[in-house]
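The values are calculated or read from the model by the stated rules, or taken from the named source; none is laboratory data. What you see is a predicted model, and the numbers here were worked out from it, not measured in a lab. Neighbour counts run over all protein chains shown; Cβ positions are idealised from the backbone, glycine included.
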Amino acid sequence: MNCVPCQAHGERNYHVFYELLAGLPAEQKEKMYLQEAESYFYLNQGRACDILGKEDRQDFLDLVQALEGISLSDDQLTSTWAVLAAVLQLGNICFTSSEKESYEPAAVASDTEIQIVANLLRVSADLLRSVITHRVTVTSYDHIFTPLSVEGAINAR
């Protein structure tokens, strides 16, 4: 079974990620902070970013044509690409733990990816950082934030 966070050796993630990276025009890729497939943890684990005979660029153009065929607007397409780009960037967020505390809560190692994901999703970077490093329990009166371990933060990501 394929899942976004992990692939076995020789396995690719969902094709749409590779198609996006191969087919999105350079200007749009730059606006979405996109790089080559090998630079994304969610894509490089299986060591199969390229498949002989798979035309990712052409498949992306076919995907765009199909989505336009069901009347998705340019803004809707851009939003879709931004969500896919954000998923890729989420996978590159690394966590550290503070050894000062006995339960070692997770912290984001670098704010670069947090800022990128927040920009792509149009959310607050501080809120994003908080929700991937804390479990949020909603009560009828309040929101309770409980720090996650590094392993918990990786799973929450």
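Pick out, from the stretch 29-109, the helices (runs of 4 or more DSSP H) lying fully within it that include 3 or more residues that are surrounded by fewer than 17 Cβ atoms within 10 Å (Cβ to Cβ).
56-69, 74-90
Could you give me the residue pairs with C-beta distances under 7 Å whose first residue belongs to the stretch 143-154 and is surrounded by 15 or more Cβ atoms within 10 Å (Cβ to Cβ), whose second residue is charged (D, E, K, R) and outside any loop (DSSP other than H, G, I, E, B) wherever it lies, and which are 6+ apart or on separate chains?
Sorted first by the residue in the stretch 143-154, then by its partner, the pairs are Leu148/Arg135.
Here's the yes/no breakdown for (1) more than 15 Å from Gly91 (Cα to Cα); (2) modelled with pLDDT of 75 or more; (3) touching a helix residue (DSSP H, G or I) at 6+ places or on another chain (Cβ under 6 Å):
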position: Met1; (1), (2), (3): yes, no, no
position: Cys6; (1), (2), (3): no, no, no
position: Tyr14; (1), (2), (3): no, yes, no
position: Glu19; (1), (2), (3): yes, yes, yes
position: Gln28; (1), (2), (3): yes, yes, no
position: Lys31; (1), (2), (3): yes, yes, no
position: Glu38; (1), (2), (3): no, yes, yes
position: Ala48; (1), (2), (3): yes, no, no
position: Lys54; (1), (2), (3): yes, yes, no
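Within the stretch 90-119, can you find the residues that are at pLDDT 90 or above and polar (S, T, N, Q)?
Asn92, Thr112, Gln115, Asn119
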